[in-house]
Structures are given as C-alpha cells and as structure tokens.
Amino acid sequence: MDLQLKEKIALVTGSTTGIGYAIASSLATEGAKVIVNGRTPERVNTAVEKIKLKTGNQNIFGAIADLGDIAQVNALIEQYPEVNILVNNAGVAQSKAFNDISDEEWLDIYQINVLSGVRLSRAYINQMLKANWGRIIFISSESGVQVPAEMIQYGVSKTAQIGLSRGLAEMTVGTAVTVNTVLPGPTSTEAITSFMKATAEQQGISNAQMEEMFFTSMRGTSLLKRFIKPEEIASLVTYISSPLSAATNGAALRADGGVIKSAF
C-alpha cells in the first residue's frame, strides 16, 4: 500500500527514542521528510543518523529543543516554518502520590505534555488550512481515559490532549486537514523498561515475573497481556498521517492492547 507520504514534511516531537523514534522511522520509510526532535545534540544527531541508515532516506533533519521552554519552541518554529504533518509526541511522566505533587510539578508537566502541542499546533494549523491539507496528531495515552492513581498529573495532562485535539478538529470543517489523537497502552520504552527493572530488583523478582504482575495488578484489563512494541504504535500513526486516512478526523484512536474496558 502506498501511503502517499513522499515529500511530506513531518515534525515528530520527542523522537530520539521510544514511540517517537519509531514514528519518525516509519514516516521516513514511507518517504517523508522527517524532523527529529530532542533536547540534546548528541541524542538528536544519533537518532537522525540511525534513521538515515535504517531507511535509506537522507531527508532526515534535527531540531534540538526542550519543548517545556517557550523560547526553544519558538526557535524550532523559526528553524522549520513549514510542516505538513505534526506529531505531538513529546511528554514526561512520573509516578508520585497525589498529595506529594506540587503546583510547580503540575505546571511543569502541562508545559511539556499539553502546551508544547498547543504552541506547535498554533504555529502550523493555519498554513495547513490554507494549503487544504495537513495532519496534526497527539500521542496521548490510555491513562487519559482511565487516569491512574499513581500518576494523576500525567493522566490529567493526557485527558487534556484528547480534548485539545477534538477542539482543533472542529477548526478543520470542510477541509482536508485532520486532527486526531492516538492512545497507546503500556509500551516497551526506555522509561518503562527502567522502571520495571528497578521495581523487579526492589522486590527480588525476575523481569518476567514483574511484567506478569504488572498486567495482573496495575493493568489487569489488558487483553494483550504484554508490553506493546513502539513500532506497533507507529504503524497506526503513519496511517493517520496519510492522505488515505481522510475520513478519520476528531477521533481518539486506541492502540492500548485492550486496556480501556469499553466498547466505545
């Protein structure tokens, strides 16, 4: 299937590792011009070269910016003023008891998880509407629907992304621009792998036992009963980045392994 992404310019935030890296690689494989974003030159340059080598696509570029910093977001927009596909993937998460989360921590997580997407969408949506084509995609989480008690601030920020995405979609009426949200479930990324390994060591159990416990007690509703591969999220994101997905707009699309226990 030709996804018709050749020469499209895609910015994927937080794309040096994990889901973001998998999305950037998948879009590059389809021939898109991909802008890889991260906070340090070392990680960005490494990811750019890896994607070039892996896909053979030489139109891979770097954008070094901490998306929690307004000045750095503005510099990124100035560096890359034209974007056809915006994937708002950058995000942070921290497991912490609700009463221990300070106002500053709430504001910090909103700066990255929500306001970075607001600022970038504001920068690019009008040009997409004028060109009558574009894609804005938010990488939210199943935690935005089933907010976990152990990281309420993360879940609430992901709920906000779902609402933001739907609101932006209302601006696209009658155009070929779409705005959608993808809701991954527990995914095998650097952060979750480190967390699981550290927790297993603390409890004196194997990594396999820890994973089984996770899908029994913490995400017991999972139908998949394993961690999702980043590439499995990237496949869905790549499709909804494509002109072939024209009828999908304003949607919250699950790639959650069946964690959300609802038919709708």
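The values are calculated or read from the model by the stated rules, or taken from the named source; none is laboratory data. A quick note: this is a predicted structure, and the numbers were derived from the prediction, not measured. No Cβ is skipped: glycine too gets one built from the backbone with ideal geometry, and neighbour counts run over all protein chains shown.
Can you find, within the stretch 249-263, the residue that is farthest from Leu223 (Cα to Cα) among those that are touching a Lys or Arg at 6+ places or on another chain (Cβ under 8 Å) and assigned to a loop (DSSP other than H, G, I, E, B)? Outline the logic, then answer.
First, the residues of the stretch 249-263 that are touching a Lys or Arg at 6+ places or on another chain (Cβ under 8 Å): 250, 252, 257, 259-260.
Remaining after also requiring assigned to a loop (DSSP other than H, G, I, E, B): 250, 257, 259-260.
On the way: Gly250: 26, Gly257: 6, Val259: 6, Ile260: 9 Å.
In this case the residue turns out to be Gly250.
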(request) Have a look at Gly174, Gly155 and point out the one that is assigned by TED's automatic domain parsing to the domain that holds Ala32, out of contact with any Cys (no Cβ under 9 Å at 6 or more places or on another chain) and assigned to a loop (DSSP other than H, G, I, E, B). (result) Gly174
(request) Considering only the stretch 136-154, state which residues are over 14 Å from the mean Cα position of the chain (by Cα) and closer than 21 Å to Leu236 by Cβ. (result) Val145, Gln146
(request) Consider only pairs whose beta carbons are under 6 Å apart and that are at least six residues apart or on different chains; among these, list those whose first residue lies in the stretch 45-66 and is over 15 Å from Leu27 (Cβ atoms) and whose second residue is outside any strand (DSSP E or B) and of a type outside the set (Val, Ile, Thr). (result) Ile64/Pro41; Ala65/Gln72; Ala65/Leu76; Asp66/Arg39; Asp66/Gln72
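Run down Asn207, Asn180 and say which single residue is buried (at least 21 other Cβ atoms within 10 Å of the Cβ) and of a type outside the set (Ser, Thr, Tyr).
Values: Asn207 fails: buried (at least 21 other Cβ atoms within 10 Å of the Cβ).
Result of the check over Asn207, Asn180: Asn180.
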